[in-house]
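First the structure, in the form of structure tokens, and then the observations on it.
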Amino acid sequence: MLLRTPRSFAATPLPAFAWRTVAPVAGAVVLTLLVLSPWYGYHRDELYFRMLGRAPAWGYFDQPPLTPLLARLSTDLFGDTVSGLRVVPALCTGLLILLGVAITRELGGRADAQTLAAAGLATGTFPLIAGHTLLTMSADFVFWAACLLCVLRALLRGDGRWWPVAGAVAGAATYNKHLVVLLLAGVAAGLAVRGPRAVLGDGWLWAGALVAVVVAAPNLLYQALHGWPQLTMAAGLSEGGNRIMFVPMLVALLSVGAFAIAVTGWSWLRERPETRPVAIAILVTILLGWVSGGRADYVAGSLICAFAAGCVPAAARMRGRADRRRTVWLGLLGGSAAGVAMALPLLPLPVLGFSPNEVARESVGWPRFAAQVAAVHRAQPPGTVVLTANYGEAGALDRFAPAVPVHSGHNELWFQGPPPETATTVVAVGLPPERLRERFARCESAGVIDHGTGVPNEEQGLPVTVCSGPRTSWATAWPAFRHAD
């Protein structure tokens, strides 16, 4: 049945969508991201996704299938280049801006509020990082914003038919990341604590839950048949989590000014009975992210919703007050300036080493890395293979030195199998020499990685070791090389 209830804070019909200001902002962001896409170079995750995408599957040990599939589609459609790979994330950020504005509009925000929302998202640190580089959060931000928009429409319009739509979006999101479960838990908690009770008895709500399960079923089946590998990965990520940095990262997700608006937005949602379940959902989701030891960007969709909501009261307070309007806009855009410079590939390499943007730091030096390792490999006997410590190294060799046979025990690559038994010599990259000496009769140093950029990142200074004379068969030794993180 349809539960029609009045929109208590929007007695008039919804404001028109402010296309005249919002569309140019979204378009400018997409264009800027596309123009800047080749700068710095591939991130290690992009190199990994490019490898996985060549063999599409229902899932992988460390992640669901969507992002590798997007990498495959991007390279097929736009070329096997870093720019071709980054068309999809740029479009995702443009779509995120439109969805964030749609949330503001759904809450009664007029053109000025919608423009404020577009500007805040367009200059947000993590939306720009996710738009410049193909990461799992590139699509995840979009899924969360779309799901929350559907939830708000179901609650504010009293139209239960939006619950199955929300369920379909949430189910689809599981093919990108399983973190949407945190959002669903938050929404369930909000409805259970604050209702409205009529929604809990609405068949559309339970239909939405069923749709989510059905859409996600193949993904869940893959997990069940493979021993729930995502739980193993989640445990590993939790062990490496940093709860102390969670709150600073949460503030930096968009900008300091946008965070202040998001706090206002959360309070504004909490004060209204119709939106109180969403306020609870946002709080619960963020708390679950912190308790689990995850990163703040894992629950960024909740903060984006709070910011989009906060633009409504912020814009209302600015109307007719030039001083307030100037303060809000300066606070928003002024606070975003440093984040934009850090998020986009604008910093010269000598300065990049001091940037907290790990994604940018891990996006430089890969061609020279591959050339250095390939040179060592060419000096070895025929049949020599390369063994890397992580998937970024394997992906870089696959991209820039495809003739070099490469193997790795990292995450999904371990399942692709060990080197052939005929491989009696290996060039090991990034693996501790003392560990290698336990497995081989002879090991000699071939130098250390110097990717030539001067940017300190995970690869700079790693050992390159040439080992021969394996003490056991590769089939016996391979389990010891497996690691997940």
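Read-outs throughout are calculated quantities, based only on the coordinates presented, and are distinct from any laboratory measurement. Just so it is clear, the structure is predicted and the values come from calculations on it, not from any experiment. Counting neighbours? That spans all protein chains shown, and the Cβs are built from the backbone with ideal geometry, glycine included.
Would you mind checking the tilt of helix 391-400 against the longest principal axis of the Cα atoms of the chain, expressed as 0 to 90 degrees and rounded to 10? Orientation of helix 391-400: about 70 degrees from the principal axis. With pairing defined as another cysteine C-beta under 4.7 Å, the cysteines of the chain that fail it are 92, 147, 150, 305, 311. Backbone phi angles across the range 335-346, fed through the Karplus curve with coefficients 6.51, -1.76 and 1.60 (θ = phi - 60°), yield HN-Hα couplings of x, 8, 4, 5, x, 5, 4, 7, 6, 8, x, 10 Hz in residue order; Gly and Pro are listed as x.
Given a Förster distance of 30 angstrom, what is the FRET efficiency for residue 380 paired with residue 245, based on the Cβ-Cβ distance and rounded to 0.05? Can you show the working numbers first?
Values: r = 42 Å, r/R0 = 1.41.
So the FRET efficiency works out to roughly 0.10.
Rounded to whole numbers, the Karplus 3J(HN,Hα) couplings from phi for the range 349-363 are 4, x, 8, 4, x, 9, 6, x, 7, 5, 4, 5, 5, 8, 10 Hz, using 6.51 cos²θ - 1.76 cosθ + 1.60 with θ = phi - 60°, and x at Gly and Pro. Ranked from largest, the principal axis spans of the Cα set of the range 183-234 equal 40, 21, 11 Å.
When the alpha-carbon atoms of the range 366-481 are used, the pair Rg, Dmax equals 13.1, 39 angstrom. Model label sites at residue 438 and residue 330, defined 7 Å from Cα along the beta-carbon direction, differ in position by 6.1 nm.
Taking the longest Cα principal axis of the chain as reference, the axis of helix 300-318 is set at about 40 degrees.
Per residue, the average separation of C-alpha pairs within less than 8 Å and at least 6 apart gives the chain a relative contact order of 17 percent.
How large is the dipole of the range 366-481 about the Cα centre if only Lys and Arg carry +1 and Asp and Glu carry -1, each at its Cβ, rounded to the nearest 20 debye?
On the way: 8 positive and 10 negative charges, 55 e Å.
About 260 debye.
Taking amide H atoms as placed 1.01 Å from N in the peptide plane, the amide H of residue 448 lies under 5 Å from those of 464, each 5 or more residues away in sequence or on another chain. To the nearest ten degrees, helix 111-122 and the longest principal axis of the Cα atoms of the chain are 10 degrees apart. Semi-axes of the equivalent ellipsoid for the range 252-370, computed as √(5λ) from the eigenvalues of its C-alpha gyration tensor and ordered from largest down, come to 33, 22, 8 Å.
Roughly how big is the chain's charge dipole about its Cα centre, with Cβ charges of +1 (Lys, Arg) and -1 (Asp, Glu), in debye to the nearest 20?
Numbers: 37 positive and 28 negative charges, 337 e Å.
In total the dipole reaches around 1620 debye.
A Förster radius of 35 Å, combined with the Cβ-Cβ distance separating residue 483 from residue 76, puts the computed FRET efficiency at roughly 0.65.
Amide H contacts of residue 440: 471, each under 5 Å away and 5 or more positions distant or on a separate chain (H built 1.01 Å from N in the peptide plane; Pro and chain starts excluded).
Applied to the range 92-106, the Karplus parametrisation 6.51 cos²θ - 1.76 cosθ + 1.60 on θ = phi - 60° returns per-residue 3J(HN,Hα) values of 4, 5, x, 5, 4, 4, 5, 5, x, 5, 4, 5, 4, 5, 4 Hz, with x for Gly and Pro.
Give me Rg over Rh for the range 160-201, both radii from the alpha carbons and Rh done the Kirkwood way, two decimal places. Each step should come with its number before you reach the end.
Working: Rg = 11.3 Å, Rh = 11.1 Å.
Using Cα coordinates only, the ratio equals 1.02.
Of the residues 422, 125, 196, the one whose Cα sits farthest toward the positive end of the charge dipole of the chain, with +1 on the Cβ of Lys and Arg and -1 on the Cβ of Asp and Glu, is 196.
Electrostatic bookkeeping for residue 460 treats Lys and Arg as +1 and Asp and Glu as -1; over the other residues with beta carbon under 14 Å from its beta carbon, the sum is -3. Taken over the chain, the ratio of Cα radius of gyration to 2.2 N^0.38 Å equals 1.06.
Paramagnetic label reach from residue 416 (point 7 Å along Cα→Cβ; backbone nitrogen cut-off under 15 Å): within the range 10-44, residues 44. Per-residue ellipticity at 222 nm, computed for the chain from helices alone with -39500 (n - 2.57) per DSSP H run of at least four residues, works out to -18500 deg cm²/dmol. Over every Cα atom in the range 46-126, the radius of gyration and the widest Cα-Cα span, Dmax, amount to 16.4, 47 Å.
Taking 7 Å steps out from each Cα toward its Cβ at residue 193 and residue 272 produces label points 1.9 nm apart.
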